[in-house]
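S.K.: Here it is: the structure, laid out below.
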Amino acid sequence: MPTSRSVVIGVDSSTQSTKAAVVDADTGELLALGRAPHTVTGTAGARESDPEEWWTALATAVRTAVRDAGVPADAVTGIAVAGQQHGLVTLGADGRPLRPALLWNDTRSAPQAAALAARLGGPDAWQARTGSMPVASMTAAKWQWLRAHEPHVAAAVAGVRLPHDHLTERLSGVAVTDPGDASGTCWYGTAEGAYDPEILDLIGLDPALLPTVAPGGATRVGTLTPAAAEALGLPRTVVVAAGTGDNMAAAVGLGLGGAGLLDHPVVSLGTSGTVFAATRARPADPGLAGFAATDGTYLPLGCTLNCTLAVDRFATLLGLDREDAAPGGDVVVLPYLDGERTPDLPHAAGLVTGLRHGTDPRSVLGAAYEGAAFTVLRALDRLLVACGLDPSDPAVRDRPLRLIGGGARGRAWTETVRRLSGRPLMVPAADELVALGAAALAAGAVTGADPVALTTAWDTGSGELLPPVARDEETWSRIEGVLSAATPTLLGGPVPS
């Protein structure tokens, strides 16, 4: 392979693992992918990980990917990190974590979120300023939990970071974030494009503890520090981009943004289930997170806590392969094994109803798929409205729903989403859209090019188009009825309208 080939590295630091993609900067070809696992600990709503393990995993994944790509280290010109959103990383004076990070799916901060939501003028004020409501996943609620339960740690904090911020700082030595990931904190004002001083004062967070907000995820923030270069086996000249959150990077990987597709909905099926789109309309819907995208547009997003892992757990409990599912029929499963974020039911547990002596276990598994898919798709119409679209308009209804994430590779997931949505599906051929989006940010930092324009040229978002099937209204109505009847008595809270 010629040494003149220029490559970039996109890092996807997710809940369960780190993936590092070595990508040809000119063509977008994925040359190799390195992986390393993370450990998640905690019970009874707690979900934590050691950020030092993220760093070790990043170095391992990068070294593996560069080796497997067969390119010399000096061919690497740039690197960017896309990380799991919302996590609270607290650093001491030495720049190292004071405790394990509180992850996005840690629901212990639900009381703090509820208390915050009632302040600042109430829900409408939060929506107007940050685009989102304080819920347990948001970083502001986690900071409040830390102050209430571990005040000695909060008092010792010298830096507050999101997961991707922390890794970018380890790479470059620069404390920096981007508008996309910052917009998931509930202390960043999407209306003003800056940290909100009144909210920071409300939650007792000194702005000096926070990273600088770069203009976008493709902003060049520096090059590798000597320690990072040694850990990764790369030259110090490698450019480091500001990076972003994983959902924002997935949007870039799909070619969604100002230089590409706008108002095209996406469903991502992973540890969490999300529905999102890039749009120029600033969203303000209490049922959605009104995120900023990383390229200057917006990324309204609905997120559920229980998706592929919850359904896989049902498969394990039933002793079935994850693909050995049948339609649920009379069985309804609300698979809220970790509480739920959309709808906002942080204390909920899973619920199964409609069982009979003759119930086929495969139908129970199928009902788990249906319940998880329903929860994600329920936010779709609200997403379209947030983009300024009419969901009943045939031109909008017939726009393909892009299906990504690990679940998009499973037949049962694909057919369930197809049946419950009644929409055509586009399943991109590329597997690692978050890492590819991060690679485009790295390439943008090196060349100054728009990252969405790059992925559009790379054609990373193309794939198979599946025609629509008739929407299963009966199953949809059955699940909706059970959800309404089960709250608040069985699920621990009201279902938002």
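The values are calculated or read from the model by the stated rules, or taken from the named source; none is laboratory data. These figures come from a predicted structure and were not determined experimentally. Ideal geometry is used to build each Cβ from the backbone, glycine not excepted, and the neighbour counts take in all protein chains shown. What goes into the accessible areas is simple: the full protein's heavy atoms, side chains included, and nothing from ligands, DNA or RNA. Shrake-Rupley method; radii C 1.70, N 1.55, O 1.52, S 1.80 Å.
S.K.: Under a 1.4 Å probe, what is the accessible area of the stretch 1-127 per residue, stated in Å²? Walk me through the numbers before you get to the answer.
M.R.: On the way: 4660 Å² over 127 residues.
Per residue, the stretch 1-127 has an accessible area of 37 Å².
S.K.: Follow-up question, since we're still on this one. Å³ per residue of the Cα convex hull, for the chain? Mind showing how you got there, number by number?
M.R.: On the way: hull volume 64.1 nm³, N = 497.
Expressed per residue, the convex hull around the Cα atoms of the chain is 129 Å³.
S.K.: Something else now. Sticking with the crude label model, points 7 Å out along Cα→Cβ, report the distance from residue 357 to residue 230 in nm, one decimal please.
M.R.: 7.2
S.K.: Given a 1.4 angstrom probe, I'd like the percentage of the accessible area of the stretch 326-443 that is carbon and sulfur, rounded to a whole number.
M.R.: Details: 2040 of 4040 Å².
For the stretch 326-443, the apolar C and S fraction of the accessible surface comes to 51 percent.
S.K.: Using a 1.4 Å probe on the protein chains only, how many percent of the accessible area of the stretch 144-256 belongs to carbon and sulfur?
M.R.: Values: 1880 of 3610 Å².
Roughly 52 percent, rounded to a whole number.
S.K.: In deg cm²/dmol, rounded to 500, what helix-only [θ] at 222 nm does the chain give when every DSSP H run of at least 4 residues adds -39500 (n - 2.57) and the total is split over its residues? Don't skip to the end; give the middle numbers.
M.R.: Details: 18 runs with 174 residues, N = 497.
Roughly -10000 deg cm²/dmol at 222 nm, from the helical runs in the chain.
S.K.: Could you rank the peptides 471-484, 72-85 by their average count of other C-beta atoms within 10 Å per residue, with the highest value first? Intermediate results must be reported in sequence, preceding the final value.
M.R.: Values: 471-484: 16.1, 72-85: 26.1.
Per-residue Cβ counts within 10 Å, averaged per peptide and sorted highest first, yield 72-85, 471-484.
S.K.: Further question on the same structure: Taking the Cα centre of the stretch 219-291 as the origin and placing charges on Cβ (Lys, Arg +1; Asp, Glu -1), which of 271, 227, 283 is farthest toward the positive end of the dipole?
M.R.: Toward the positive end, the furthest listed residue is 227.
S.K.: Next question. What value does the stretch 83-181 have for Rg/Rh, both radii from Cα atoms and Rh as Kirkwood defines it? If you can, show how the numbers build up before the last one.
M.R.: Values: Rg = 13.8 Å, Rh = 14.1 Å.
That ratio is 0.98, to two decimals.
S.K.: If each of residue 471 and residue 17 carries a label point 7 Å out from its Cα toward its Cβ, how far apart are those two points in nm?
M.R.: Result: 3.6 nm between the two label points.
S.K.: Determine the distance separating the Cα centre of the stretch 111-182 from the Cα centre of the stretch 347-383; give it in Å without decimals.
M.R.: If we compute the Cα centre of each part, the gap is 32 Å.
S.K.: Something else now. Pull out the extension gain between residue 74 and residue 148, defined as 0.36 nm times the separation in residues minus the alpha carbon to alpha carbon distance; nm, one decimal. All intermediate terms of the calculation are to be shown ahead of the outcome.
M.R.: Values: separation 74, 0.36 × 74 = 26.64 nm, distance 4.81 nm.
Computed gain between residue 74 and residue 148 is 21.8 nm.
S.K.: Placing unit charges on C-beta atoms (Lys and Arg positive, Asp and Glu negative, everything else neutral), compute the dipole magnitude of the stretch 85-167 about its Cα centre in debye, rounded to 20.
M.R.: Working: 8 positive and 5 negative charges, 15 e Å.
Around 80 debye, computed over the stretch 85-167.
S.K.: Shifting gears a bit: Toward the positive end of the charge dipole of the chain, about the Cα centre and with charges on Cβ (Lys, Arg +1; Asp, Glu -1), which of 102, 120, 199 goes farthest?
M.R.: Highest projection toward the positive end goes to 102.
S.K.: What ranking, highest mean first, results for peptides 457-467, 165-175, 281-291, 136-146 when packing means the other Cβ atoms within 10 Å averaged over each residue? Display every interim value, and only then the final one.
M.R.: Numbers: 457-467: 17.0, 165-175: 24.7, 281-291: 21.4, 136-146: 26.6.
For the peptides 457-467, 165-175, 281-291, 136-146, the packing ranking is 136-146, 165-175, 281-291, 457-467.
S.K.: Still on this structure, please answer the following. Using packing as a proxy for protection, rank 245-251, 361-367, 221-227 so that the peptide with the highest average count of other Cβ atoms within 10 Å comes first. Walk me through the intermediate numbers first.
M.R.: Details: 245-251: 32.4, 361-367: 23.3, 221-227: 17.4.
Per-residue mean Cβ counts within 10 Å order the peptides as 245-251, 361-367, 221-227.
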